Amino acid sequence: MKKHFIIFNIIIIICFNSKAMTQNKFIERLEGIHPFFTKLNLSLQIKEIDQQKTTANQDWLVGVKTNFNNVNIDNNLNTISVDFLATKKIVSSGADITFKHSWRQQNKNTTTNIDTNNSKFSIDYVHPLLKNASGINDQLNTGLSSINIQISKLNIAEQKEAFILIQLKKFIDLAYTQERLIIDNQRLDLATQELTLIKQKFKMAVIDKVDVLLQEDAYHSAKQRQLQTQQYLNIIRYELSIILDINLYSVKAEFDLYKPYIINKDDLKQYLLANSRILKIADLNQDLLELQLKSDKSNSKAQFDLKLGIINENKNSYYTNSISNPSSSWSIGLDFSYPIGNIQAQSNIIKTQIMLAKAKEKKQEQLLNIYSKANVLKQKIKYLLEILELSKAQIKTAKARTVEERRRYNNANSQVSFVIAAQNNEQSANLNYIQVFKNYQESVLNFKEIIDQLSPS
């Protein structure tokens, strides 16, 4: 048992002598090693691939069609046809353009064996003038996807910061427990010294046996608290060593638990409006609906298209001659159609307008919620600083009381129990002080997370 205890203490000493980790290094290591961040980055890659898919309507569509036909009436009539087609959507204008080349050969099985070749090349262009003008509808999915990518990036940043907050509180707990162990060690050292002194006095018959028993009880209590703190510190180190994938002996926090945080946010509401990721997401959600509304309004308009066509065509007994010196023709026209009532399109517009109004109100609700939480934390940080000042005064008083009780006891004007009580009270004051500072630092982390300043990047 004693051997195990010595080994345990050696581990603690090695941990304290190893190089400590700052808060920024902790976050850097966490982001570099933990699968949570890799998972989020992969999710973003999937979103980006989905965005690429929305541009599929900009691809060229190319096709080839061949056909052979035989008609056995009087004489065999063989017809061979080949059609080449290429069409493309011009999303910037909403237009469609189609290129087509057709070749047809007819061969009649007669004594003269006459071949007839027909070559035809055409270009058709359709340009929307009302519905889908400027390609509003054709660009909708790409536009929505682009905004969704921005939303995903902000959501990922929010998830990362929420995860970092949880882990940083463990880091703060590590720093706090390190400080607590120092205080517990000091109390144990003092209890050990006092016990040695009391035993010497008892041998000299200066004090009673009850004083020895009281001091032994104080020693065992101090030892128990110190051991509990050591064990808890070791548990935290084990957990963080697994999370960070580092050696157990490297888990030590280099963090000033007593460092005050200065809040330089006079106009907190304006700062949140300009910098809060949640509010930026709310703005982007409104952008989504406004883009959808533009498309809905475009869909409510009449289908009114300008059509242009050019045809080059020639016939000859030889293919090479059939594609030279063709006869040309062109056409121009307008297509118009409109559903009477247009109930579906009008319903879509009204629905999107309501959703947009709802999104605006939701942003205001989110602003109030964030602003309220930030203000509460701001005030809490301020109040904790006031409590810390009182804790300092309490420690000063507790130390003075310990000195006075020790003086009275040495002058035989007091009992050893009063000295022990004063020493325990001083330890409690010190522990309370660092506990308040732990709460203070955790409140600072919560405040930074609310205003999106937690991550060093």
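Return yes when L385 is in contact (Cβ under 8 Å) with a residue 60 or more places away in the chain and either surrounded by 16 or more Cβ atoms within 10 Å (Cβ to Cβ) or not assigned by TED's automatic domain parsing to the domain that holds G309 (or both) and no when it is not. The answer is yes for L385.
Return yes or no: is K201 modelled with pLDDT under 95, charged (D, E, K, R) and either part of a helix (DSSP H, G or I) or closer than 22 Å to A374 by Cα (or both)?
yes
The set of residues in region 182-194 being buried (at least 18 other Cβ atoms within 10 Å of the Cβ) and farther than 14 Å from S428 by Cα consists of A191, E194.
State yes or no: is I434 crowded, with 19+ Cβ neighbours inside 10 Å, under 45 Å from the mean Cα position of the chain (by Cα) and more than 20 Å from I166 (Cβ to Cβ)? Criteria met by I434. From the list I311, I246, the one residue that fits, being in the same structural domain as Y125 (by TED's automatic domain parsing), outside any helix (DSSP H, G or I) and at pLDDT below 95, is I311. Of the residues S417, S443, the single one that is on the phi < 0 side of the Ramachandran plot and either free of Cβ contacts under 8 Å to residues at least 60 places away in the same chain or over 50 Å from the mean Cα position of the chain (by Cα) (or both) is S417. Checked against the criterion of being modelled with pLDDT of 95 or more, out of contact with any strand residue (DSSP E or B) (no Cβ under 9 Å at 6 or more places or on another chain) and either over 30 Å from E179 (Cβ atoms) or not hydroxyl-bearing (S, T, Y) (or both), the candidates L214, L268, L227 yield just one match: L227. Residue under question is K209, and the condition is that it be more than 30 Å from L388 (Cβ to Cβ), out of contact with any Pro (no Cβ under 8 Å at 6 or more places or on another chain) and among the charged types (D, E, K, R); does it hold? The answer is yes for K209. Residues in region 404-419 include none that are among the polar types (S, T, N, Q), buried (at least 16 other Cβ atoms within 10 Å of the Cβ), closer than 30 Å to Q167 by Cα and at pLDDT below 95.
The values are calculated or read from the model by the stated rules, or taken from the named source; none is laboratory data. Since we're looking at a predicted model, the values are computed, not measured. Note: ideal-geometry Cβ built from the backbone for every residue, glycine included; neighbour counts use all protein chains shown.
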